[in-house]
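In what follows, a single structure is set out as structure tokens and then discussed.
Values quoted throughout were computed directly from the atomic coordinates according to the rules given, and no laboratory measurement underlies them. Fair warning: this is a prediction, and the values are worked out from it, not measured in the lab. Because the Cβ atoms are built from the backbone with ideal geometry, glycine has one as well, and the counts that use them run over all protein chains shown.
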Amino acid sequence: MKKIIPLSLITVLSLSAVEIQLDTIGVESTILSDVAQNAQVSADLAQALSIQVPSIDMVRRSGIANDILIRGQKRDNISIEVDATKIHGACPNRMDPPTSHILANQIETIEVTEGPFDVETFGVMSGGVKITTKAPTKEFHGEITGGLGAWNYKKIGFTASGGNDTVRMLISASTESSEQYEDGNGDNFTQQIKNNPAAPLSVQYQDTYKDMDAYEKKSVMLKAFVTLTDKQELRLSLTANRSDTILYPNSKMDANYDDSNVYSIEYNVKNLGEVYKNLNIKYYASDVEHPMGTDYRKSSQATNKPIMTNSLTTDMKGLKIKNTFHLSDSKFLIGLDASQRVWDGHYEINHVVKPWNSINNAQTDNLAIFAKFDKSYGNFDLSFGARYDATDITNDAGLNDNTYNGLNANIMTTYNLDKNSKIFLAIGQANRVPDARELYFTSIKSYMPASENNLANGTVIGTDTLKKTTNREIDLGYEILKETFKAKIKGFYSDLENYIYIRKGSMANAFENIDATVYGAEVSAEYFASDDVILNIGISYKRGKKDKALKGQTDTDLADMAPLRGTISAIYEYANNSTLKAEIQASDTWDKVDSDNGEQVLDSWAVLNLKAKYAFTRNLDFILGINNLLNKTYAKSNTYTDLTLITGGSTNVMLMNDPGRYIYTNLTYRF
């Protein structure tokens, strides 16, 4: 039965859509499924998450490799894992955030954790993202996908999987590229810089490079699962990413390339006995190489102003052991977690390495023990978790070495009112230690006249005496699930002690610890209006306040707190899994800003997206979509000084507009 969607629903601009299936699992996290099948616009995971999860906002950095915030928290305040492998980027200016080292088409499911309720992972202070990639299967099957879009966007990829009772293997590979996108005014990256009063001539693109592509990205993932016995399995995985010439128009540098490799080996034993149910041992390693420079900017053409490069690497390795026990109707998890991250960076002049370091071999060693307990008492579910971390951070720059110890703990309760509804309450505390950028990052005295001999290491921007940050949070919510309707509402209050903040204009030791609070609410709902029509709605709001303004400042607003935002969507299914979709994404005016530290008021915005999928057969799908149909000009990311962006004086910071009207197609064949 077909129904007409009431016009009043389309006008609710403050709601947030979730395109893929959402399966909530208690107060602390949400599972996203069918990620690869619903991310045809690009491989950028940040863009997909910001649309699908109300609590997630995107930080627009480029046409690809964008960053995310969970409830206004980013960087090391949240954690990103891929197949239980901790991921970090090398760039201190977030040109290669962790989400950029995995492609959406490689993903099977995503678990989004909101709040300090994950004790298994190092650094989950205010939330996290746990990504599970596709697993190899015994039966041979796969898919080939290709896409075209505006601004000469091109994508092609394939996945194949198969094996036997002993060995199962998977290979997934893709490549994509795009020219510079245009905003609603028709301005590409080069023109956005030229038209912005905050952008001096030196940061504009040279005429030779003004029309160069925005990025090119290639990725390969290989997996092998080996069944040793009916209870034992060995899992091997390798993911390699290669990205070239990624432009970051409102930053002062671009990425020459960004290469990463992620490896893991996992041994799993199940059904060990009546009580001892599972043993899991996993070793992982990753490495990232990221040089960023002024190669394409006019500054490198000026007299006595050479090409400046900050070349950085980060290497990560870790070992995690987990043991699961079942005793009566209770479940116990006990584990050990050890990891080491080395972050190093140096400056180059005209691509010649100089003895000046941006981060000098900073090493973070973490050792932790964690435990979880789950039990049900009738209609009442109880979960308790705890983790103790011991962390040492050292460096070769002669700055302070630091030792941090911290206890994370939480208790989560759910009361099932009936088979269709429940209320939940969670209270937790989690810590995170400063990273090497916040402790040790050192600038360079760049663009000095006469000779490069006048160039030398500048001041230490980091503050090597920072304390760890502690988040104490309470979450309260209600969830209902019926045959034609499901909804979830959740509120939270977060008390941040020694929150790490950066002060605008500080020439040295710019980072400091402050106390602050963040509170807000999220609502999501799905309504099956008929057998053919599904409506998805949601809403997210947050507010952050410093306990007091920074010294010499008056603004107590906390940065990165996006206003009321979201989408409403309607999906109409017809003719054997073919669908039509309309969605409106929208944001209120962003007027609660930290103006003392670089943020500016952003106008409200709303964009209309349309998407049609036609299933020729069970194995062949075609998609045609239009994002921002009305070609609106808008910016969703603000300009907190935590990012080094283009400035034109003490107050002007360059905003980056999001894409204008974008038409795309995708063809997928499954076999």
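Below is a table of values for the structure above.
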{"item": "Mean-position separation - Cα centroids, the range 538-568 and the range 276-331, in angstrom", "result": "29"}
{"item": "Extreme residue, positive dipole direction of the chain, given options A135, A199, S62 (C-beta unit charges)", "result": "A135"}
{"item": "Dipole magnitude of the range 504-661 about its Cα centre (Cβ charges: Lys, Arg +1; Asp, Glu -1), debye to nearest 20", "result": "260"}
{"item": "L327-N164 pseudo-label distance in nm [points 7 Å out on the Cα-to-Cβ vector]", "result": "4.4"}
{"item": "Column: log10 I(q)/I(0), Debye, Cα scatterers of the range 124-210, q = 0.19 Å⁻¹", "result": "-0.92"}
{"item": "Size of electric dipole in the range 7-670: Cβ of Lys, Arg +1 and of Asp, Glu -1, about Cα centre, debye, nearest 20", "result": "80"}
{"item": "All aspartates and glutamates inside 12 Å of K419 as judged from Cα atoms, apart from same-chain residues fewer than 8 positions distant", "result": "E479, E483"}
{"item": "Within-11-Å neighbourhood charge of V607 [Cβ basis; K, R +1; D, E -1]", "result": "+1"}
{"item": "J(HN,Hα) series, the range 143-158, from Karplus relation 6.51 cos²θ - 1.76 cosθ + 1.60, nearest Hz, glycine and proline x", "result": "7, 10, 9, x, x, 10, x, 4, 6, 6, 6, 9, 9, 8, x, 8"}
{"item": "Listed residue pairs exceeding 29 Å between alpha carbons, taken from K154/K542; K130/K542; K74/K488; K217/K613; K194/K613; K320/K467", "result": "K154/K542; K194/K613"}
{"item": "Lys/Arg +1, Asp/Glu -1 at C-beta; the range 260-398 dipole; positive extreme among Y267, S376, L279", "result": "S376"}
{"item": "Scattering curve values for the range 150-286, log₁₀ I(q)/I(0), Debye with Cα scatterers, q = 0.14, 0.18 Å⁻¹", "result": "-0.78, -1.02"}
{"item": "MRE, 222 nm, helices only [DSSP H, n ≥ 4, -39500 (n - 2.57), over the chain, to nearest 500]", "result": "-1000 deg cm²/dmol"}
{"item": "The chain, relative contact order in percent, only Cα pairs under 8 angstrom and at least six apart counted", "result": "14"}
{"item": "Relative contact order [Cα under 8 Å, 6+ residues apart], the range 213-361, whole percent", "result": "16"}
{"item": "Length-normalised contact order for the range 33-143 - Cα pairs under 8 Å, 6+ apart - percent", "result": "29"}
{"item": "Cα Rg, Dmax, the chain, angstrom units", "result": "24.6, 78"}
{"item": "Cα gyration tensor shape of the range 567-608, rounded if a/c is under 1.5, else prolate or oblate by comparing a/b with b/c", "result": "prolate"}
